[in-house]
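Worksheet: the structure to be examined is printed underneath.
The values are calculated or read from the model by the stated rules, or taken from the named source; none is laboratory data. The shown structure was predicted, so the numbers you read here are calculated from the model rather than taken from an experiment. Because the Cβ atoms are built from the backbone with ideal geometry, glycine has one as well, and the counts that use them run over all protein chains shown.
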Amino acid sequence: MKDRKSVTRDAQTRALGLLARREHSRRELRRKLVRSGHEEDEVQATLTRLDGSGLQSDQRFAEILVRSRIAQGHGPVRIAAELRLHGLDEALVDKAFAAAEPDWEALALELYRRRFRTPAEDQPERIRRARFLVTRGFTPAMARTCLDLDPSESDDAGDLD
């Protein structure tokens, strides 16, 4: 039977191993540690120590995830939903978006132009294109703005401002 100190050390060692691979939210790290057989009180103590020493940070996790998802072509709605799934509150989501300083309209337009080279021919095609942008996490208003532009035009001719 393991003593209390070695169980805590095992939980901390496992947590550090997970954090060495990539950032984790507190909720995600807690779930993984509990699933691997660690007791809830040990897990909470470990998470508190890691947070206090700066080794685990929900703010840092959120900023990294936001930058990563923006680079993958995801919009604000989808990214915010994913952050909430990780247990982050609205204040952390807002801080992460502010730190990334994205221009959502420009990102939507860039994605639209990469995906579609010609103007939409008919209403079903417009709907399909709008659905593409909305499922990527852009708002319907952003999708409508992109649909009103000719994707074959150059970037400076189709600014959203």
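Give segment 71-80 a look and list any residue that's over 8 Å from the mean Cα position of the chain (by Cα), on the phi < 0 side of the Ramachandran plot and surrounded by 13 or more Cβ atoms within 10 Å (Cβ to Cβ), or say none.
74, 75, 76, 77
Select, from 50, 33, 29, the only residue that is outside the structural domain of residue 135 (by TED's automatic domain parsing), of a type in the set (A, V, I, L, M) and farther than 24 Å from residue 91 by Cβ.
After applying the criteria, what remains is 33.
Yes or no: residue 109 under 30 Å from residue 134 (Cα atoms), among the hydrophobic types (A, V, I, L, M, F, W, C), in the same structural domain as residue 142 (by TED's automatic domain parsing) and surrounded by 19 or more Cβ atoms within 10 Å (Cβ to Cβ)? Before the answer, list the steps.
Details: under 30 Å from residue 134 (Cα atoms): yes; among the hydrophobic types (A, V, I, L, M, F, W, C): yes; in the same structural domain as residue 142 (by TED's automatic domain parsing): yes; surrounded by 19 or more Cβ atoms within 10 Å (Cβ to Cβ): yes.
Here the answer is yes, as residue 109 does meet what is asked.
Applying the selection to segment 121-139, what residues are part of a helix (DSSP H, G or I) and within 21 Å of the chain's Cα centre (by Cα)?
Of everything in segment 121-139, those that are part of a helix (DSSP H, G or I) and within 21 Å of the chain's Cα centre (by Cα) turn out to be 131, 132, 133, 134, 135.
Could you list, in sequence order, the residues of segment 109-120 that are part of a loop (DSSP other than H, G, I, E, B) and hydrophobic (A, V, I, L, M, F, W, C)? Before the answer, list the steps.
First, the residues of segment 109-120 that are part of a loop (DSSP other than H, G, I, E, B): 116-120.
Across segment 109-120, the qualifying residues are 116, 120.
When the residues of segment 14-36 are filtered to those that are of a type in the set (A, V, I, L, M) and free of Cβ contacts under 8 Å to residues at least 40 places away in the same chain, which remaining residue is nearest to residue 60 (Cα to Cα)?
19
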